[in-house]
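Down below is the structure, laid out as structure tokens.
The values are calculated or read from the model by the stated rules, or taken from the named source; none is laboratory data. These figures come from a predicted structure and were not determined experimentally. We place every Cβ from the backbone using ideal geometry, glycine too, and count neighbours over all the protein chains shown. With ligands, DNA and RNA removed, areas are computed over all heavy atoms of the protein, side chains included. Shrake-Rupley method; radii C 1.70, N 1.55, O 1.52, S 1.80 Å.
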Amino acid sequence: MADGHSAADRRARTERARRGLIDALFGGGAALCLITAAHAALPRFEGSPLFSRQRPVQVVRGALAPPAAPAAFLAFQDPEPGYAVVSPFGLRQLPWEASGRLHAGIDIAAPAGLPVLAAADGVVTRMEADAGYGRFVELKHAGGLTTLYAHLGRFQPQVAVGMAVKAGTPLGELGSTGSSTGAHLHFEVRDDQGRPLNPALFIGRSFAAAEDLPLRAAARIPRGVRVAYVSNIPKAKREEMQAKLDEAAASNAAADAASATLADLSPNAADSAVDANAVVARGRVAHGRPHARLRLRE
């Protein structure tokens, strides 16, 4: 009995072990199938074009932000924001001038005392005063460009030659010093050779590289002469204009006197240096002053 009982027990234990192994293998296979199916259902990015074109992002205070754009090579702003240009770049004739000449910048009319701002990042190279520009500041910029701010009423005390300034830095106050027709800013842009450029092609624009600067287009001088209207003529120019008027009046008086003298001459005055056939011819010289000359007819 003992041997038979032992053999039956062994067969029972073997059967239970075989069934447990089968159950374990079946359950593990099913779980592996489920895991494989779930993994296959997940989206894949590594091979997609979108994933390959993604750029690294910059984390700013816990938030995602796009990478910063590269700084511009040179950017210009308005030196007197909010006020219009009253005299553009080009050939211009003022009331006291006999003909047109180049107006090498632009004039911006505004109330005296307003701050005049640096148009671009640069270094102060001059702060001077002369009879034409009055008080002026000059800045040197990238690309060899310079800007000039003229007719200032006063300089900004904190600004000095050799100082680096950012665009928008106050350089002085708007005024009417020098040969000026009233409170306004005369603003110039010049190239590395000192040649004047049209400021209208720079103000409000940003340039990514030196080759983007519109040097050739800005150097062109528009055709035609613009007759300038001015509300205030400087005292020295008024005196100059009056002197020209007085000279013209004297020339006219002399011409009239010569005409009257010729009219009184007798046709029989053969010995006269000027006979009755002499006539008075009037004309104009290059600067607009009338004159008279005698011309003899043979």
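Just the residues that are farther than 10 Å from residue 172 by Cβ and in contact with a Leu (Cβ under 9 Å, 6 or more places away or on another chain), please, taken from region 130-143.
The answer is 133, 134, 138, 139, 141, 142, 143.
Would you check if residue 87 is buried (at least 19 other Cβ atoms within 10 Å of the Cβ) and over 13 Å from the mean Cα position of the chain (by Cα)?
The answer is yes for residue 87.
Got a number for residues in region 105-125 being farther than 30 Å from residue 71 by Cα and in contact with an Asp or Glu (Cβ under 7 Å, 6 or more places away or on another chain)?
Result for region 105-125: 2.
Of everything in region 157-167, what is under 19 Å from the mean Cα position of the chain (by Cα) and open to solvent by less than 30 Å² (accessible area, probe 1.4 Å)? Give them in sequence order.
Across region 157-167, the qualifying residue is only 165.
Kindly provide the set of residues from region 107-136 that are within 14 Å of residue 177 (Cα to Cα) and touching a Ser or Thr at 6+ places or on another chain (Cβ under 9 Å), ordered by number.
If the condition is that a residue be within 14 Å of residue 177 (Cα to Cα) and touching a Ser or Thr at 6+ places or on another chain (Cβ under 9 Å), then 107, 109, 112, 129, 131, 132, 133, 134, 135, 136 are the ones that fit.
Return the residue satisfying two criteria in turn: it lies in region 216-232 and is in a loop (DSSP other than H, G, I, E, B) and charged (D, E, K, R), and of such residues it is nearest to residue 189 (Cα to Cα).
Looking at the filtered set, the residue picked out is 220.
Can you tell me which of 173, 138 is within 28 Å of residue 215 (Cβ to Cβ) and acidic (Asp, Glu)?
On the way: 173 fails: within 28 Å of residue 215 (Cβ to Cβ).
Among 173, 138, only 138 is within 28 Å of residue 215 (Cβ to Cβ) and acidic (Asp, Glu).
Any residue in region 248-270 that is closer than 30 Å to residue 109 by Cβ and either at pLDDT below 80 or not hydroxyl-bearing (Ser, Thr, Tyr) (or both)?
Checked region 248-270: no residue is closer than 30 Å to residue 109 by Cβ and either at pLDDT below 80 or not hydroxyl-bearing (Ser, Thr, Tyr) (or both).
Quickly run through region 195-236 and pick out the residues that are hydroxyl-bearing (Ser, Thr, Tyr) and surrounded by 11 or more Cβ atoms within 10 Å (Cβ to Cβ). Let's see the steps before the verdict.
Of region 195-236, the ones hydroxyl-bearing (Ser, Thr, Tyr) are 206, 229, 231.
206, the sole residue that qualifies.
Would you say residue 100 is of a type in the set (Gly, Ala, Ser) and modelled with pLDDT of 95 or more?
No.
Among the residues of region 115-156, write down those that are open to solvent by 50 Å² or more (accessible area, probe 1.4 Å) and not hydroxyl-bearing (Ser, Thr, Tyr).
Scanning region 115-156 gives 115, 121, 123, 126, 128, 129, 130, 131, 135, 140, 154, 155.
Residue-wise test of (1) charged (D, E, K, R); (2) free of Cβ contacts under 8 Å to residues at least 60 places away in the same chain; (3) in contact with a Pro (Cβ under 8 Å, 6 or more places away or on another chain).
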site	(1), (2), (3)
169	no, yes, no
192	yes, yes, no
199	no, no, no
213	no, no, no
